[in-house]
Amino acid sequence: MINRLFASAIGLSLLLLSAFAPAPGKITVYLIGDSTMSIKEVKNYPETGWGMPFVNFFDETVTVDNRAQNGRSTKSFLAENRWQPVAKALKPGDYVFIQFGHNDEVPTKKTYTTEAEFKANLVRYVTETRAQKALPVLITPVARRKFDAAGKVEGTHNIYSEIVRVTAAEQKVPLIDLDRESQALLQQMGVENSRLLFNQLAPGEHPNYPDGKEDNTHFNELGARKMAQIVLADIRTLKLELANRIVQRSAAKTVDPQAR
């Protein structure tokens, strides 16, 4: 009897202690990158960056601050003073998700960054993030929709994606290989069905694009959510502490008859 009372007392004590245990501290997840990640203006809808749905998957301890901008490279993001305010605002435990490459790799663009510069810029982002005791995560540029005549998906970021992979390994930074994983998704969906992920519209289908749109780089809402889900799955696979802050939602098993 005494042992039972003692065990009950211990259990009650542990319950009370857990009730007063400190909750996980609030953190900010910064997204820096290009148009495939960025927040879109209404005039560009239904074009959607994957960072837009990404914000909805976390609990109240996480603020997602999406600083990604259309057309930016690792070089122009620095030159326009977009990175420096992020570096200054970082707190211990924050994250920086770094995804560039689309605009770095094109020699005809003003944002062009040589391979050596690209790597050096990635290292700078990583180093300055860690200097604030925050956590960098490198992400390869997300795939464009491109298939060969046989229906096999083709990579369009091969060199710059590999630089991200090598830099992540050398710097011992968590890597999300969004290029390879999004290519795999496109291959699974196939030539025609993969169109459903991109901002592709027939003439007159949407008021923002009266003449239609054939875009194999930028996503619509469905495509953005699919890419965000890939990133979330990798956060879990990498066992980042951030994974503990992803909201676990269960689907309703039954439908209320009154709602029918």
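With both labels modelled 7 Å from their Cα along Cα-to-Cβ, the LYS110 to GLU214 distance reads 2.9 nm. When only the Cβ of Lys, Arg, Asp and Glu is charged (+1, +1, -1, -1), the dipole of the range 151-250 relative to its Cα centre reaches about 520 debye. Spin-label model, GLU80/ARG130: points 7 Å from Cα along the beta carbon direction are separated by 2.8 nm. Counting only GluC sites (Glu not before Pro) that sit in a DSSP loop (anything but H, G, I, E, B) with at most 11 other Cβ atoms within 10 Å, what is the longest stretch of the chain containing none of them? Excluding the exposed sites themselves, the longest stretch runs over 81-260.
Annotation: TYR209 carries an accessible surface of approximately 30 Å², with a 1.4 Å probe and no ligand, DNA or RNA atoms counted.
Under the criterion of Cα pairs below 8 Å and six or more residues apart, the relative contact order for the range 114-260 equals 19 percent. Between the labelled values (i) 18.9; (ii) 21.6; (iii) 20.4, the entry that holds Kirkwood radius over Cα pairs in Å as derived from this structure is (iii).
For the pair VAL55 and MET189, the difference between a 0.36 nm per residue extended length and the Cα-Cα distance amounts to 45.7 nm.
The angle between the Cα long axis of helix 115-131 and the main principal axis of the chain comes to about 20°, on a 0 to 90 degree scale.
Got a sec? Which residues in the range 46-69 would a label at LYS26 touch, if it sits 7 Å along Cα→Cβ and we count backbone N under 17 Å? Hits in the range 46-69 for LYS26 at 17 Å: 56, 58-66.
Axis of helix 2-19 versus longest Cα principal axis of the chain: the two differ by about 40°, to the nearest ten degrees.
For the range 37-172, the average shadow cast by the Cα convex hull is 10.1 nm², which is a quarter of the hull's surface. Across the range 29-96, C-alpha contacts under 8 Å between residues 6 or more apart give a mean separation that, scaled by the residue count, equals a relative contact order of 44 percent. Inter-part distance, the range 115-157 to the range 59-100, computed on C-alpha centroids, equals 14 Å. Helix 178-193 against the longest principal axis of the chain: what's the angle in degrees, Cα atoms only, rounded to the nearest 10? With rounding to tens, the tilt is 60 degrees. Only one residue of PRO141, TYR125, GLY151 has its Cα farthest out toward the positive end of the dipole of the range 103-152, where Lys and Arg carry +1 and Asp and Glu -1 on Cβ, and that residue is GLY151. Under a Gaussian network description of the chain, with springs only between Cα atoms under 10 Å, the residue in GLY71, GLY204, GLY155 that fluctuates furthest is GLY204. Only protein heavy atoms count here; under a 1.4 Å probe, ASP211 has an accessible surface of about 140 Å².
Annotation: amide H-H contacts under 5 Å for VAL64 (H modelled 1.01 Å from N, sequence separation of 5 or more, or interchain): VAL29.
Computed from the C-beta positions of GLU154 and VAL123 and an R0 of 41 Å, the FRET efficiency is 0.90 to the nearest 0.05. Under the criterion of Cα pairs below 8 Å and six or more residues apart, the relative contact order for the chain equals 19 percent.
What does the charge count around ASN220 come to, taking other residues whose C-beta lies under 13 Å from its C-beta (Lys +1, Arg +1, Asp -1, Glu -1)? Taking every other residue near ASN220 into account, the sum is +1.
Ordering TYR45, TYR209, VAL55 by Cα displacement along the dipole of the chain toward the positive end leaves VAL55 in first place; charges were set at the Cβ atoms of Lys, Arg (+1) and Asp, Glu (-1).
The values are calculated or read from the model by the stated rules, or taken from the named source; none is laboratory data. Keep in mind the model is a prediction, meaning the values are calculated, not measured. Quick reminder, even Gly has a Cβ in these numbers, built from the backbone with ideal geometry, and neighbours come from all protein chains shown. Heavy atoms of the whole protein, side chains included, go into the accessibility calculation; ligands, DNA and RNA do not. Shrake-Rupley method; radii C 1.70, N 1.55, O 1.52, S 1.80 Å.
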